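Novice: Before we start, here is the structure in question, set down as structure tokens.
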Amino acid sequence: MSGRKAGTGGLTVIPENPREIRGMVPESIALRGPAGPEGIEPDEGKSLSAASLAEIDRLIDIYPERRSALLPALWVAQREQGFVGRRPMEEIAAKIGVSPAFVASVVSFYTMYQIRPIGKYLIQICTSLACYLRGSDALVDHVRKKLGVDLGGTTRDGRFTLVRVECLGSCGTAPMLQLNDDYHENLSPLSKVDELLDSLE
Amino acid sequence: MTEKILLRNVGTEGSTRLATYERNGGYQALRKALQTSPDALVEEVKKAGLRGRGGAGFPTGVKWGFMPKEPVRPSYLLVNADESEPGTFKDRLLMEEDPHLVLEGTLISAHAIRARTVFIYVRGEFLKPYLTMQAAVEEARAKGYVGRNILGSGVDCEVVMHRGAGAYICGEETALMESLEGKRGYPRLKPPFPAAAGVYGCPTTINNVETLANVPFIVERGAGWYLGIGREKNNGPKLYCMSGHLKRPGVYEAPLGTPLMTLVDDFAGGLWKESRKLKAIVPGGASAPVLTAEECRDVPMDFDALIARKSMLGSAGVMVMDESVCMVRALERILRFFAHESCGQCTPCRVGADWIHRIVKRIEAGHGKDGDCETLLSVCDNMIGKTICVFADAAALPAKSFVTKFRREFDEHIGAGRCTLPEA
């Protein structure tokens, strides 16, 4: 693969990873869904349940301005469907009183909202400096090999999605990973990760 | 070791429960504060010299003093619990282990700035701290500490928990306000400062979790007592986040001004492998310029001492590196973070953070060229002070410090086309 002239001052960039040649796709998006950089478009998703819509109404009432309920509303949608698809975005936009494009722009800013289905278990491994110093790279390699999946990818059976993330505030208990909502810390030696992953259904 | 103040309940049985907290004297400071005028509270905190623990070290009482005394619009207190600086994990500990201390400090501070609504903005990844804080708020509400007419004082204070969704920049106070308003977390130009026009355009104060945790003690024991801890103009207890190549990493409490090597050797048990020597320490989170082993001697860990050494205390995220660490690779890790987290609003930062990361990544991968270090330093100089918020500075200053202090390692990398350190 040849290098390319980046827009930033004519530096020749030698990509190690084909994703990088796309340059314009921020890593947060590139590593987001199973589809990688092609996956910027959200999935369709389903209409939100009556319970979720009622929850969003309740959230709107909490704040002095309706729009403040946007992030919480997106959490409600993601909890219900596992990701925030186009249809929930539109429904939330209508409730909050902003355009669907505005909602999409907010969704894309924050790394934790998924825009298409991912694995049943989302494994996020911190590889920032403090974790790196305690062996996070070996942890990433180990999980990659064990699951047979690359960063940003989902296993064929749809069980695991693996991503690398920046500091999760667990530096004193490094290395660590986040499995769905939960932190798992002090993962040294690596047999602890095996125990953890093997215990999952 | 000196008396534990901020961490006195941490690790004790039932530390998150209201009953335990009350039994240990909790919410007495709130009772006292509710009998005190807001202005007297502000004065006391000013006198105590409490400086913000989020990173900037701005005097908290002075910040509070900017809030209107006769507000015509609602005033708001925003609790910054968006702890995301690499190397920092103290606010998480406080929220997980002693949420009522954080809440009591929050309620007193809200009274001091005449805010009737508080938003506690917790970073999205911190679900456990969020739920622990939320449970504490509900417990406190049931006992009359939160809501209308608190303890019959006539003071109202509503507390709203708010969850972020993954964006480092939202820890910047104006980005936090934007995010709370349901927008992308783009920092705002200052002025207007938040005390004049903050969230919803109303007067707002943003305080860090640890800062607020100091407040009940100042109210209870007085500014005079507080001034007896630490060094001149750097008073009070401090939480130090010790990570990296240490025997006992973790959060430790010690007075501001505690020598760095005391924290490393006495608190954190020294380096993890005795056969290896200390190489460098990042003293205040990823944004802080690195200190060489030589510079680490005799550094009091406080705001002014680190400024004098051209670094910063920041969030006191102390990341310790032994001699096996390649400084090119360590910097690559730091810069990858900043390239990833730049909000993209200002060109020098959006382009610069990515650019300096690419340069260091290239050097690390063995494709460095002569002149790369000069290019990097020149890009840094075109980032510092040229953007809306200090994120660009936070990326450029550590980059400059690594390259200037460990220049030989960078040059050897470029010359050899690989890392020249022996395999660890």
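The values are calculated or read from the model by the stated rules, or taken from the named source; none is laboratory data. Remember, it's a predicted structure, so these values are computed and weren't measured experimentally. Note that we place each Cβ from the backbone using ideal geometry, even for glycine, and neighbour counts take in every protein chain shown. Accessible surface areas use protein heavy atoms only, side chains included; no ligands, DNA or RNA. Shrake-Rupley method; radii C 1.70, N 1.55, O 1.52, S 1.80 Å.
To keep it simple, each residue is scored yes or no on (1) of a type in the set (A, V, I, L, M); (2) in contact (Cβ under 8 Å) with a residue 24 or more places away in the chain; (3) part of a helix (DSSP H, G or I); (4) within 14 Å of another protein chain (Cβ to nearest Cβ).
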residue	(1), (2), (3), (4)
A:47	no, yes, no, no
A:69	yes, yes, yes, yes
A:72	no, no, yes, yes
A:87	no, yes, yes, no
A:90	no, no, yes, no
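Novice: Within region A:174-188, does at least one residue satisfy the condition of being open to solvent by less than 10 Å² (accessible area, probe 1.4 Å) and within 30 Å of residue A:53 (Cα to Cα)?
Specialist: Scanning region A:174-188, I find at least one residue that is open to solvent by less than 10 Å² (accessible area, probe 1.4 Å) and within 30 Å of residue A:53 (Cα to Cα), so the answer is yes.
Novice: Could you check region B:261-284 and list, in sequence order, the residues that are in a loop (DSSP other than H, G, I, E, B) and either within 15 Å of residue B:311 (Cβ to Cβ) or not aromatic (Phe, Trp, Tyr) (or both)? Break it down stepwise before answering.
Specialist: Keep residues of region B:261-284 that are in a loop (DSSP other than H, G, I, E, B), which gives B:268-270, B:272-277, B:283-284.
Answer for region B:261-284, where residues must be in a loop (DSSP other than H, G, I, E, B) and either within 15 Å of residue B:311 (Cβ to Cβ) or not aromatic (Phe, Trp, Tyr) (or both): B:268, B:269, B:270, B:273, B:274, B:275, B:276, B:277, B:283, B:284.
Novice: Hey, which of the helices (runs of 4 or more DSSP H) in region B:173-239, taking only ones fully inside, have at least 2 residues that are open to solvent by 40 Å² or more (accessible area, probe 1.4 Å)? I'd like the intermediate steps shown before the answer.
Specialist: Details: elements: B:173-180, B:209-221, B:223-227.
Qualifying helices (runs of 4 or more DSSP H): B:209-221, B:223-227.
Novice: Here's another thing I want to ask about it. Residue by residue through region A:92-134, note down the ones that are part of a loop (DSSP other than H, G, I, E, B), more than 9 Å from chain B (Cβ to nearest Cβ) and open to solvent by less than 30 Å² (accessible area, probe 1.4 Å).
Specialist: The first filter runs over region A:92-134 and keeps only residues part of a loop (DSSP other than H, G, I, E, B), leaving A:97-99, A:110-120, A:127-128, A:134.
Add one more test, that the residue is more than 9 Å from chain B (Cβ to nearest Cβ), and what stays is A:97, A:99, A:114-120.
If the condition is that a residue be part of a loop (DSSP other than H, G, I, E, B), more than 9 Å from chain B (Cβ to nearest Cβ) and open to solvent by less than 30 Å² (accessible area, probe 1.4 Å), then A:114, A:115, A:119 are the ones that fit.
Novice: I've got another one for you. Out of the residues in region B:264-277 that are away from every other protein chain (no Cβ under 13 Å) and in contact (Cβ under 8 Å) with a residue 40 or more places away in the chain, which is nearest to residue B:9 (Cα to Cα)? Reasoning before the result, please.
Specialist: Initially, region B:264-277 is screened for residues away from every other protein chain (no Cβ under 13 Å), giving B:264-266, B:270, B:274-275, B:277.
Add one more test, that the residue is in contact (Cβ under 8 Å) with a residue 40 or more places away in the chain, and what stays is B:264, B:277.
Working: B:264: 23, B:277: 35 Å.
This residue is B:264.
Novice: Shifting gears a bit: Within region B:285-339, track down each residue that is of a type in the set (Phe, Trp, Tyr) and more than 14 Å from chain A (Cβ to nearest Cβ). Steps first, please.
Specialist: Residues of region B:285-339 of a type in the set (Phe, Trp, Tyr): B:303, B:337-338.
Listed by number, the list holds a single entry, B:303.
Novice: Continuing with the same structure: Being within 8 Å of chain A (Cβ to nearest Cβ) and among the aliphatic types (A, V, I, L, M) is the filter here; which residues of region B:340-355 pass it?
Specialist: B:351, the sole residue that qualifies.
Novice: What tally of residues in region B:290-310 results from selecting those that are assigned to a loop (DSSP other than H, G, I, E, B), touching a helix residue (DSSP H, G or I) at 6+ places or on another chain (Cβ under 7 Å) and open to solvent by less than 10 Å² (accessible area, probe 1.4 Å)?
Specialist: Taking region B:290-310 as the starting set, the residues that turn out to be assigned to a loop (DSSP other than H, G, I, E, B) are B:290, B:297-299, B:302, B:309-310.
Next, from what is left, pick out any that are touching a helix residue (DSSP H, G or I) at 6+ places or on another chain (Cβ under 7 Å): B:290, B:297, B:299, B:309.
Next cut, open to solvent by less than 10 Å² (accessible area, probe 1.4 Å) only: B:290, B:299.
Within region B:290-310, residues that are assigned to a loop (DSSP other than H, G, I, E, B), touching a helix residue (DSSP H, G or I) at 6+ places or on another chain (Cβ under 7 Å) and open to solvent by less than 10 Å² (accessible area, probe 1.4 Å) number 2.
Novice: Would you check if residue A:152 is touching a Gly at 6+ places or on another chain (Cβ under 6 Å) and within 11 Å of chain B (Cβ to nearest Cβ)?
Specialist: Details: touching a Gly at 6+ places or on another chain (Cβ under 6 Å): yes; within 11 Å of chain B (Cβ to nearest Cβ): no.
Here the answer is no, as residue A:152 does not meet what is asked.
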